[in-house]
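Structure first, commentary second.
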Amino acid sequence: MFKSDVYTRRREELHKKIKSGIAIFTGNSEASMNYPDNTYHFRQDSDFLYFFGLDLPGFTGLMDFDSGKDRIFGDDYDMDDIIWMGPQPKVKELALKCGISDTEPTKKLEEVVKDVLSKKF
């Protein structure tokens, strides 16, 4: 992962080119082979990686061109994950690494998108 200002500059360039609306960058999820814990090698979506830099599954990035606000949606690991993998960083910590301070749980994505779109129409 590059320094946070690299991703911030990339998003700023896109904000300069697009003046209104939103862009949603869905990161990839793990793909299982024959049962959920036996997965293929993870490969992040290239667009998400370019603008947000997080090479981990289960994240979505949202850029709101009207407000200039960028967010990351994702869920913190639960106790079962931590027992299996050890201590893991929080979504907030990961988001700061790519220059974003606003994070929300994945379940809030639909609500936020509806809210943004309702202001437009």
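The values are calculated or read from the model by the stated rules, or taken from the named source; none is laboratory data. Keep in mind it's a predicted model, so treat the numbers as computed, not measured. Here the Cβ positions follow ideal geometry from the backbone for every residue, glycine too, while neighbour counts run over all protein chains shown.
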Residue count, region 50-85, condition touching a residue at least 40 places away in the same chain (Cβ under 8 Å), within 15 Å of PRO105 (Cβ to Cβ) and among the charged types (D, E, K, R), comes to 1
Scope region 30-56; condition of a type in the set (S, T, N, Q), surrounded by 12 or more Cβ atoms within 10 Å (Cβ to Cβ) and farther than 22 Å from ASP102 by Cβ; matching residues: THR39
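Search region 86-121 for residues being aliphatic (A, V, I, L, M) and under 26 Å from LYS3 (Cβ atoms), and hand back the single one that is surrounded by the fewest Cβ atoms within 10 Å (Cβ to Cβ). Quick ask: steps written out before the conclusion?
The first filter runs over region 86-121 and keeps only residues aliphatic (A, V, I, L, M), leaving 91, 94-96, 100, 109, 112-113, 116-117.
So of that shortlist, the ones also under 26 Å from LYS3 (Cβ atoms) come out as 91, 94-96, 100.
Working: VAL91: 23, LEU94: 21, ALA95: 26, LEU96: 15, ILE100: 25.
Selected residue: LEU96.
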Top-ranked residue of region 65-121 - restricted to ones that are among the hydroxyl-bearing types (Ser, Thr, Tyr), at pLDDT 95 or above and outside any helix (DSSP H, G or I), ranked as farthest from GLU12 (Cα to Cα): THR103
